[in-house]
1. Any chance the stretch 265-286 includes a residue that's in contact (Cβ under 8 Å) with a residue 12 or more places away in the chain, loosely packed, with under 15 Cβ neighbours inside 10 Å, touching a strand residue (DSSP E or B) at 6+ places or on another chain (Cβ under 9 Å) and assigned to a loop (DSSP other than H, G, I, E, B)?
2. Looking at the stretch 48-69, can you tell me whether even one residue there is within 28 Å of the chain's Cα centre (by Cα), farther than 21 Å from residue 232 by Cα, away from the ligand (no atom under 16 Å from the Cβ) and without any contact (Cβ under 8 Å) to a residue 60 or more places away in the chain?
3. Being in contact with a helix residue (DSSP H, G or I) (Cβ under 9 Å, 6 or more places away or on another chain) and assigned to a strand (DSSP E or B) is the filter; apply it to the stretch 24-45 and report the residue that is farthest from the ligand (Cβ to nearest atom).
4. Taking the stretch 176-205, which residues are more than 11 Å from the chain's Cα centre (by Cα) and away from the ligand (no atom under 16 Å from the Cβ)?
5. Can you tell me which of (1) outside any strand (DSSP E or B); (2) without any contact (Cβ under 8 Å) to a residue 60 or more places away in the chain is the one residue 296 doesn't meet?
6. For residue 311, all conditions in the list (1) modelled with pLDDT of 90 or more; (2) touching a helix residue (DSSP H, G or I) at 6+ places or on another chain (Cβ under 9 Å) hold save one; what is the number of the exception?
7. Condition first: farther than 26 Å from residue 74 by Cα and assigned to a helix (DSSP H, G or I). Now tell me which residues in the stretch 157-188 satisfy that.
8. From the set of residues in the stretch 1-19 that are under 20 Å from residue 219 (Cα atoms) and modelled with pLDDT of 95 or more, which is nearest to the ligand (Cβ to nearest atom)?
Ligand SMILES: Nc1ncnc2c1ncn2[C@@H]1O[C@H](COP(=O)(O)OP(=O)(O)OP(=O)(O)O)[C@@H](O)[C@H]1O
């Protein structure tokens, strides 16, 4: 879709911003460009929409050299979002968003109705926010308008240069989450410049790590973190790259521990007998519908009554498609020694993840990703015998 062929950029003052860059971005893929300040990310990106012209090599869009295309027509197919959003101050948010469709020949009514749809898509209410002027919005809201405006022409390609750079970390994380969900639906081809490695990892299908005008590594976040190409990349992604990997490693249901399961209405005596027979000190308690209720300790079960009378509630759960980071964070939030994995909210109980399993899953995923290990070569240890931290 976008192809850089041995591209170089030397500015007139002699600065070599990009040197011998070759890479390909596939259709529907989001590639994050990351690297220290001045390493050539913005220059690389703006060579796609011809705001910058390469001094050597070619940039191809859908197989055609962009240098041969009319810049105005080219840019209509390429949405561009920058940090300083650049909204027209004297136009309402709705009119700002409707600008491009109007330029493309839509009637004012059509353009405004499309703009309203887009504002909703990025989480702004067209009725309230749409009628405001840019200075009446928060920084995060302005950045959303920037994204909506770039999407207005429905371009197949989006170039985003630190689009969430001007907001605080909390809003930024929310915008990233929303954009990821949006992108899952839209499947645009996106080049996304950031100097925030967490953002690059969270959003990128692949990430391109730049070093002084050269591409140091282009790969999935899991591989960049798990198997950096060289010392430069390892240093750039940081000594805590193992921790960062948590957010890109999904829970694998094959890793889950299967503790004994009892039901709320089981007689306490039967449940206690089963736990003794299995040599375990606790069991997971499910409700009538098979949903997670909590847990019960074998010692807390006297003769008589049902499990319901002695069970403790426990809400620490994650869905099966969660990341290990989500699982770990849920465990900490609930001060629990395990987290249940469910088939969605209120869904089937699939097993539990413990800190030991989580650690093993992370180690194994690094080995498997990098081809150094077969999946079965990393043992996942059993739940520690002390009742898993209760
Ligand atoms: N118009 C220009 N004339 C001369 N040098 C330039 C020009 N634009 C950028 N450069 C230089 O080219 C190099 C790459 O700049 P670029 O903006 O692409 O980096 P970047 O990785 O996007 O940096 P940042 O993260 O700070 O935005 C830098 O050394 C910069 O000073």
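The values are calculated or read from the model by the stated rules, or taken from the named source; none is laboratory data. Computed from a prediction, not measured in an experiment: that's the story for all the values here. Don't worry about glycine lacking a Cβ; one is built from the backbone with ideal geometry, like all the others, and counts go over all protein chains shown.
1. yes
2. Yes, some residue in the stretch 48-69 is within 28 Å of the chain's Cα centre (by Cα), farther than 21 Å from residue 232 by Cα, away from the ligand (no atom under 16 Å from the Cβ) and without any contact (Cβ under 8 Å) to a residue 60 or more places away in the chain.
3. Going through the qualifying residues, I end up with 30.
4. 182, 185, 186, 187, 188, 189, 190
5. Going through (1) outside any strand (DSSP E or B); (2) without any contact (Cβ under 8 Å) to a residue 60 or more places away in the chain one by one, residue 296 breaks only (1).
6. Result: residue 311 fails condition (1) only.
7. Passing the criteria: 169, 170, 171, 172, 173, 174, 175, 176, 177, 178, 181.
8. The selected residue is 18.
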